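Scroll down for the structure; my scribbles are underneath it.
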Amino acid sequence: MSARTLPLLFLNLGGEMLYILDQRLRAQSIPGEKARKVMNDIITTMFNKKFMEELFKPQELYSKKALRTVYDRLAHASIMRLNQASMDKLYDLMTMAFKYQVLLCPRPKDILLVTFNHLDAIKDFVRDSPGILNQVDETFRQLIETYSCLSAGEFQLIRQTLLIFFQDMHIRVSIFLKDKVQNSNGHFVLPISGPVPWGTEVPGLIRMFNRSGDEVKRTEFTTDGNYVTPQREGSFDLYGDRVLKLGTNMYSVSRPVETHTSGSSKNLASHAKENITPNPLAKEELNFLARLLGGLEVKKPGGSETGFRLNLFTTDEEEEHAALTRPEELSYKVINIEATQEPGRRAELSRILGELEVAEPRPASSGKGEDLLALMDGL
Amino acid sequence: MYRKEKSIQLKSSSAALYNNLSVLRPPGRQLLCFSAVHGPSVTVLSAAADGLGFSHRQLQAKEGGMAVSTCVLTQASWCVLPSRVLLVLTSQKGIQMYEFDGSIMVYWHALDVTEHPPAQAVFARGIAAAGGRFICVGTSSGLVLVFDIPPKGTNITVSEVLEQHRDAITDIAAELGRAPDGAGDLVTADDAGTLCVWSAGEEFTLLSKIPAFGCACSSVKLWNGVVAAGYGNGQIRLYEAATGLLRAEVNAHARWIYALDLAPQTGKLLSGAEDSFVHVWKLSTNPDTDDVEINHCHAECVTDTQVCGARFCDPEGNSFAVTGYDLSEIFRYARA
C-alpha cells in the first residue's frame with residue numbers, strides 16, 4: 001500500500017542483522033580486527049549511496065523471498081560466509097524481531113524512532129571509521145527529510161503495510177519466549193499497562209458538553225488496563241534520546257541468539273497455496289532485485305585475506321540438523337524455481353543483468369550475471 | 001454482562017486494516033454473514049442462526065492492468081439498499097461490487113493510478129449505502145464517489161463525486177436511526193480527522209464540516225443526528241450532525257481505534273482498538289433538552305489481540321463479533 005515502506009523495512013531488518021552478527025562474531029571468538037572488518041564491510045555496502053538512492057525511490061514492497069535475496073548478498077559482502085541453515089536462521093530472527101517492534105510501537109510514527117535506534121547502534125559499530133559514519137549520517141538525514149513531513153495517517157498506512165508483510169509469520173524465538181513477550185503459539189504478548197503513546201490520554205474519563213461548549217457532566221469508567229501518562233516524547237532529530245527502547249540491541253553475551261523454528265500446520269496450508277499460484281510478479285521482482293543488487297558491491301575473500309564461516313548455531317552438528325529438519329513451509333525456494341526452470345525467465349534475468357553491466361561496468365572479471373543466478377540457485 | 005461464545009474459524013488471518021469486519025443479517029433469512037479482509041483476499045462466511053454449519057467463500061482483489069505487486073484489499077462491507085444487498089470490496093486498484101453472497105461480480109470501477117504522484121498511495125476505502133439508491137465509496141485522494149444503483153442488473157453509474165476532503169477517506173457512515181430535521185444522513189471521515197455531514201439525494205449537499213484537530217479519524221457512525229467518531233489518539237467524540245458542535249469527548253482507548261459500530265434500536269456503541277480492548281457504550285439523546293449522553297457499559301479485553309474489526313450482530317446490540325490482526329478467528333460475545 002504505502003510506497004514509502006521499503007526504506008524502513010530494509011534499514012530495520014539490516015539493523016537487526018548487524019546485532020545478531022555482532023553477537024555471533026563475539027560468541028565464535030573471531031579476532032577483533034577481523035570482526036571489525038566484517039561489520040565495516042557490511043555497513044559500507046548497506047549504506048552505499050547508489051543503493052540508498054534505489055531504496056528511497058517510492059515503490060511497493062516485494063515478497064519475503066525477494067527481500068531475503070538482498071540480505072543474503074549483504075551478509076556475504078565481506079570475508080565471512082554463512083551456509084544455508086545459518087542464513088535461514090538469521091533471516092528468521094531479523095524478521096521476527098522487527099515484526100515485534102512494528103506491532104508494539106506505541107504510535108505509527110514511532111516506527112521512525114525504532115529506525116533511529118537501529119541507526120544509532122550502527123553508528124556506534126563504526127564509531128572509529130569516520131568515512132562510514134558519514135555514509136550512515138547521510139541516510140539519517142535522508143530519513144528525516146523523507147519522513148518528518150508525513151502525517152499520522154500516512155505513518156499508520158506504512159505500519160499497516162509492514163504488518164501485512166509480516167502477517168502469518170509465527171516463528172518462535174527463544175529470547176522472546178524467555179522474556180515472556182512471545183506466546184508458545186508464536187504470537188506476541190500485548191501489554192495492557194505502562195505508558196500510553198505520546199499524545200494519548202489514559203483511558204477512563206467521559207466529558208459531556210452543552211451547545212455552548214461548557215462541560216456539563218463528567219464521569220469515569222475503569223478497565224483492567226493499568227496505564228500511565230508518558231514522561232516525554234522521543235527525539236526525532238539526528239542526535240537525541242529516543243526514549244523508546246524498541247529497536248535497541250537486545251542481544252548480549254549472556255543473552256545469546258537462539259531460535260526455535262517451527263511452523264504450525266495451518267501455516268503449511270497457506271504457504272503451500274502461495275507457492276502453487278502462478279506468480280505474475282516474478283519478472284517485476286527480478287527487476288527489483290537486479291536494481292537493488294546492482295548497488296551492492298560484494299567483495300570476494302582473496303589475496304592476503306582469509307575468509308571464515310560464521311555459524312548461527314552453537315555447533316556444526318546443530319546447524320546440519322537444522323538444515324535437514326527445517327519445515328517445508330519455512331523454506332525460501334520460489335525464486336529458485338522461477339529462475340532456473342523456465343528458459344525464458346532465465347534469459348530475461350540475464351538480459352536485465354546484461355543491461356546493468358553495460359550501465360555500470362565492473363572491474364572484477366567474474367561475470368556478475370552468473371553470480372546472481374548462482375546466488376538464486378543457492379536459495 | 002457479555003460472555004464469550006464459541007469462535008468462528010476463518011480460512012485466513014485478518015489484516016491490520018480499519019473496520020476489518022462486516023456483519024450482515026440478510027433480510028428474511030435465518031443467516032448471519034461475516035466478511036474479513038486477509039490482504040489480497042477476503043473471506044465471506046455465512047453461518048446458520050443456530051450456529052451450526054458454515055459456508056466459506058474467498059474473493060480475490062481484482063488486478064487492474066499491469067500487475068506491479070500484489071494488490072491488497074482495504075475493506076469489505078455489505079451495503080443494504082431497499083431493493084438489493086451488495087457486497088462492496090475496495091482495493092489499491094479499484095472498487096468491486098458483488099451480489100450479497102459474493103457469487104457474481106456486478107460492477108468494477110478502476111481507480112486512475114496514473115494521475116497520482118508515485119509517492120502517494122492509491123486506494124479506495126470507506127463504504128456506505130445512502131439515500132435509498134446510492135453507494136458511496138471514498139478514495140485515497142479524498143474524493144467520495146457516489147454510485148447510482150439500479151434495483152437490479154449491472155447498470156451502475158457514478159452519479160456524483162464529492163470533493164470536500166483533502167486527505168485519504170477512512171470511513172463513511174449512513175444514518176442508522178432517524179435523523180432529526182435538517183441533520184443530514186451521511187457522514188464521511190478522513191486521515192486528518194475532518195468530518196463532513198451530507199444530505200443524500202439526487203444531488204448531495206454538504207450540511208456541516210467538522211474541522212480536523214490533528215488526529216486521524218479511523219471509524220465513524222451516525223445515529224439519530226449524532227456523529228460518533230473514533231480517533232488515532234484513542235478518543236471517541238460525539239458531535240451534533242446538523243451543527244458540528246462537540247457534545248462529548250471520551251478517553252476511551254490507550255491506542256489507535258480501529259472500529260466503531262452502533263446498534264440502531266438501543267443506541268449502544270461498540271469500539272475496538274489496538275490496545276486489545278473492546279468497549280460497549282450507550283448513547284442517548286433527549287429531544288426536549290437537546291442533551292447528548294454517553295455511558296460506559298462493558299469492557300472486554302481480547303488478550304494479545306490488536307483489534308481491527310468489531311461489529312454488533314443484532315440491532316439491539318445484545319451480541320457482537322471481533323477480529324484481530326494476524327488471527328484466523330472471529331471472536332463472538334453475547335449478553336449473559
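The values are calculated or read from the model by the stated rules, or taken from the named source; none is laboratory data. Computed from a prediction, not measured in an experiment: that's the story for all the values here. Note that each Cβ is placed from the backbone with ideal geometry, even for glycine, and that neighbours are counted across all protein chains shown. Each accessible area value is taken on the protein alone, full model and side chains, heavy atoms only, with ligands, DNA and RNA left out. Shrake-Rupley method; radii C 1.70, N 1.55, O 1.52, S 1.80 Å.
What the table shows:
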quantity: Strands (runs of 3 or more DSSP E) fully within the stretch B:115-187 counting 1 or more residues that are within 14 Å of chain A (Cβ to nearest Cβ); calculated: B:124-130, B:134-139, B:169-174
quantity: Unique match (being of a type outside the set (A, V, I, L, M, F, W, C) and surrounded by fewer than 19 Cβ atoms within 10 Å (Cβ to Cβ)) among B:Lys221, B:Lys282; calculated: B:Lys282
quantity: Residue count for the stretch A:168-187, restricted to those that are surrounded by fewer than 20 Cβ atoms within 10 Å (Cβ to Cβ) and either closer than 17 Å to A:Thr95 by Cα or polar (S, T, N, Q) (or both); calculated: 10
quantity: Of residues in the stretch B:280-302 being at the interface with chain A (Cβ under 8 Å from one of its Cβ atoms) and not hydrophobic (A, V, I, L, M, F, W, C), the one nearest to B:Phe34 (Cα to Cα); calculated: B:His296
quantity: So B:Lys4, is it surrounded by fewer than 19 Cβ atoms within 10 Å (Cβ to Cβ), more than 20 Å from B:Asp171 (Cβ to Cβ) and either aromatic (Phe, Trp, Tyr) or modelled with pLDDT of 95 or more (or both); calculated: yes
quantity: Any hit, the stretch B:86-100, residues being among the polar types (S, T, N, Q), more than 15 Å from B:Leu162 (Cβ to Cβ) and open to solvent by 20 Å² or more (accessible area, probe 1.4 Å); calculated: no
quantity: Members of the stretch A:216-239 that are open to solvent by 60 Å² or more (accessible area, probe 1.4 Å) and either part of a loop (DSSP other than H, G, I, E, B) or at the interface with another protein chain (Cβ under 9 Å from one of its Cβ atoms) (or both); calculated: A:Val216, A:Lys217, A:Glu220, A:Thr222, A:Asp224, A:Thr229, A:Gln231, A:Arg232, A:Glu233, A:Asp237, A:Tyr239
quantity: Filter result for B:Val72 (in contact with a helix residue (DSSP H, G or I) (Cβ under 7 Å, 6 or more places away or on another chain) and of a type in the set (Val, Ile, Thr)); calculated: yes
quantity: Selection count where residues are β-branched (Val, Ile, Thr) and either more than 14 Å from chain B (Cβ to nearest Cβ) or part of a helix (DSSP H, G or I) (or both), scope the stretch A:1-37; calculated: 2
quantity: Residue within the stretch B:249-257 that is part of a loop (DSSP other than H, G, I, E, B), among the small types (Gly, Ala, Ser) and at the interface with another protein chain (Cβ under 9 Å from one of its Cβ atoms) present; calculated: yes
quantity: Test for B:Glu293: is it more than 19 Å from B:Leu238 (Cβ to Cβ) and either open to solvent by 20 Å² or more (accessible area, probe 1.4 Å) or at pLDDT below 95 (or both); calculated: no
quantity: Qualifying position, being more than 9 Å from every other protein chain (Cβ to nearest Cβ) and open to solvent by 10 Å² or more (accessible area, probe 1.4 Å), among B:Phe320, B:Phe312; calculated: B:Phe312
quantity: Helices (runs of 4 or more DSSP H) (entirely within the stretch A:43-162) containing at least 3 residues that are more than 14 Å from chain B (Cβ to nearest Cβ) and open to solvent by less than 20 Å² (accessible area, probe 1.4 Å); calculated: A:64-75, A:84-104, A:111-125, A:130-147
quantity: Residue satisfying condition, being in contact (Cβ under 8 Å) with a residue 24 or more places away in the chain, in contact with a strand residue (DSSP E or B) (Cβ under 9 Å, 6 or more places away or on another chain) and polar (S, T, N, Q), within set A:Gln156, A:Gln135; calculated: A:Gln156
quantity: Residues satisfying the stated conditions in the stretch B:8-31, i.e. surrounded by fewer than 24 Cβ atoms within 10 Å (Cβ to Cβ) and either in contact with a Pro (Cβ under 9 Å, 6 or more places away or on another chain) or within 14 Å of another protein chain (Cβ to nearest Cβ) (or both); calculated: B:Gln9, B:Leu10, B:Lys11, B:Ser12, B:Ser13, B:Arg25
